[in-house]
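Okay, so here's the structure we're looking at.
Every number here is computed from the coordinates shown, using simple stated rules; none is lab data. Keep in mind the model is a prediction, meaning the values are calculated, not measured. Here the Cβ positions follow ideal geometry from the backbone for every residue, glycine too, while neighbour counts run over all protein chains shown.
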Amino acid sequence: MTMFKKTLAAAAVSAALLPAQAIQAGEVEVLHWWTAGGEARAAAALKEMMEEQGHTWKDFAVAGGGGEAAMTVLKTRAVSGNPPAAAQIKGLDIREWAKLGFLTSLDDVAEANNWDQLIPPVIADVMQYEDSFVAVPVNVHRVNWLWANPEVLENAGVSLPKTLEEFYDAAEKLEADGVIPLAHGGQPWQDATVFEAVALAVMGPEDFAKAFVEHDMDVINSTKMEEVFAEFAKVMSYVDDNAAGRDWNTATGMVIRGEAAMQIMGDWAKGEFTAAGLTPGEDYICAPAPGTGGQFTFNVDSFAMFSLSDEDNTKAQKDLARTIMEPEFQTVFNKAKGSIPVRTDMDMSGFDTCAQASMDTFKSSADDGGLVPSFAHGLATTSYVQGQIFDVVTNFVNSDNKDPARATDQLAAAIQAAL
């Protein structure tokens, strides 16, 4: 990272010496990786909204769901002194770009449109650098969801589990009925998604934040974390033996077909149920992951805004930021994505029952401290710390001798090494 920062810093200086290129007035170039399905339709809607305001949209789409390819292209553009107006960046990576001087302030847009009143502080903080907005949030994903097939649960004579103990009781009955209790894909990020849901259930939001946001070693290397690993091992014991390498949507398909009863996954899973023509509350159930009722682990998509020299393009850029936060786009995009609007004043009557329940918890948890960033999805910590957590968690999952105390020591050492 040090060399990367030096390279970018040097490029920033040299870029300032380059002659300004003649670009069509009012053009906004947007780097994103929304290239398929509902996401692509949502991006097209944003383009149309910008064109209606008289601006030219230059699409800079780089395929790849995780955004790794897009970030590689962005670094290349940035070091050459030619970044796009907006780039899809999230989490602490926003601050890394801001520290290097590449991002522009959006405070005038934020103040004119009351962003401080519309966005919960814990999310607004992610969008800011030195108390100035440099990025705009697009949506909010709730990660700590439990998806379930009600028919499968009913056939096994079990109710939807609300606690970890209820989950274990239900899982035993489901196994006896010949059903896989928990659909899962054995990939590091999926392992971490389940692990953080268990961690939130065991630790609560305050200690969760101390461990995975503040990196408090007294909390990380504690008997409470040992309990997290012990409960996590028990949860994962109800996953089938063929989970290794399975994609998340394949696991969702197992719940849809009744091969498995439940899945712990973010609200993007809802798109699979919707594509199958299923109705929430009837054909499938969405509920908080066991033990996390009233709490909300968030993942936010966002656009960081890069400094531009052309006044017309800067105007287009600010209009883009404003438009993203307006109710019209928030509605169109989030219905397509399966997420919820980041604005807490939205009318949710046109959204499905899962989204309505998600918004209710989003607002209440923002008030009572139950709203926490997801480390599994890059919002709580740096990519370095995240990678270390992934390694420890996945090694634990794949170990024949799961020792919670040893795993806790390994987690503490790994996080400390990455700080």
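Here are the numbers for this structure:
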quantity: Cα-based Rg of segment 64-161 normalised by 2.2 N^0.38 Å, two decimals; calculated: 1.55
quantity: Gyration tensor (Cα) of segment 221-273, equivalent ellipsoid semi-axes in angstrom; calculated: 26, 13, 9
quantity: q = 0.17, 0.22, 0.25, 0.26 Å⁻¹, segment 228-308: log10 I(q)/I(0) [Debye, one scatterer per Cα]; calculated: -0.85, -1.24, -1.41, -1.44
quantity: Two-site FRET efficiency, E111 against T353, from Cβ-Cβ distance with R₀ of 41 Å, rounded to 0.05; calculated: 0.70
quantity: Residue-span extension gain [K234 to A418] - 0.36 nm each, minus C-alpha spacing; calculated: 63.4 nm
quantity: Scattering profile of segment 107-235 at q = 0.15, 0.17, 0.21 Å⁻¹ [log10 I(q)/I(0), Debye over alpha-carbon scatterers]; calculated: -0.88, -0.99, -1.20
quantity: Given K173/K234; K234/K402; K58/K315; K99/K318; K47/K318; K90/K270, the pairs whose alpha carbons are separated by over 18 Å; calculated: K99/K318; K90/K270
quantity: Segment 148-307 pair-distance distribution - Cα-Cα, 10 Å bins, rounded %; calculated: 10, 38, 35, 14, 3, 0, 0
quantity: Cα-based Kirkwood hydrodynamic radius, the chain, one decimal, Å; calculated: 22.3 Å
quantity: Segment 180-189 - phi-based ³J(HN,Hα) in whole Hz, Karplus 6.51/-1.76/1.60, Gly and Pro as x; calculated: 6, x, 10, 6, 7, x, x, 10, x, 5
quantity: Hull shadow area, averaged, segment 145-193 [alpha-carbon convex hull, nm²]; calculated: 3.6 nm²
quantity: Rg to Rh quotient for segment 308-419, alpha carbon positions, Kirkwood Rh; calculated: 1.14
quantity: Segment 405-416 - phi-based ³J(HN,Hα) in whole Hz, Karplus 6.51/-1.76/1.60, Gly and Pro as x; calculated: 5, 5, 5, 5, 4, 5, 5, 4, 5, 5, 5, 4
quantity: Estimated 222 nm signal from helices in the chain, with DSSP H stretches of n ≥ 4 weighted -39500 (n - 2.57), rounded to 500; calculated: -15500 deg cm²/dmol
quantity: Dipole in debye (nearest 20) - the chain, about Cα centre, beta carbon charges: Lys, Arg +1; Asp, Glu -1; calculated: 1100 debye
quantity: With Cα atoms, 0 to 90° folded angle of helix 68-79 axis to the chain main axis; calculated: 20 degrees
